[in-house]
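Enquirer: Structure in structure tokens, see below.
The values are calculated or read from the model by the stated rules, or taken from the named source; none is laboratory data. Nothing here was measured: the structure is a model prediction, and the numbers come from that model. Positions of Cβ are generated from backbone atoms using ideal geometry, with glycine treated the same way; all protein chains shown enter the neighbour counts.
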């Protein structure tokens with residue numbers, strides 16, 4: 001579907017710093033949820049030309 005829509009880049013935002021760290025590094029690949037992390041990485045690499053992951057602190061957004 002991504003290829004059909006010609007979406008080449010994606011920007012993921014999360015309020016969980018550990019999620020960002022898991023996606024951009026190999027630190028969590030062997031953890032209990034490593035299978036999910038590896039699947040997410042594989043989907044990002046195979047379906048997008050580029051991607052970025054940002055940690056957004058919700059305390060600054062919600063007032």
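Enquirer: Quickly run through the stretch 38-57 and pick out the residues that are more than 27 Å from residue 6 (Cβ to Cβ) and in contact with a helix residue (DSSP H, G or I) (Cβ under 7 Å, 6 or more places away or on another chain).
Expert: Listed by number, the list holds a single entry, 55.
Enquirer: Looking at the structure I just gave you, is residue 47 modelled with pLDDT under 90 and surrounded by 13 or more Cβ atoms within 10 Å (Cβ to Cβ)?
Expert: Against the criterion (modelled with pLDDT under 90 and surrounded by 13 or more Cβ atoms within 10 Å (Cβ to Cβ)), residue 47 qualifies.
Enquirer: Kindly provide the set of residues from the stretch 7-21 that are farther than 18 Å from residue 48 by Cα and outside any loop (DSSP other than H, G, I, E, B), ordered by number.
Expert: Within the stretch 7-21, 14, 17, 18, 19, 21 qualify.
Enquirer: While we're on this one: Taking the stretch 51-63, which residues are surrounded by fewer than 10 Cβ atoms within 10 Å (Cβ to Cβ) and at pLDDT 90 or above?
Expert: Residue satisfying the conditions is 54 alone.
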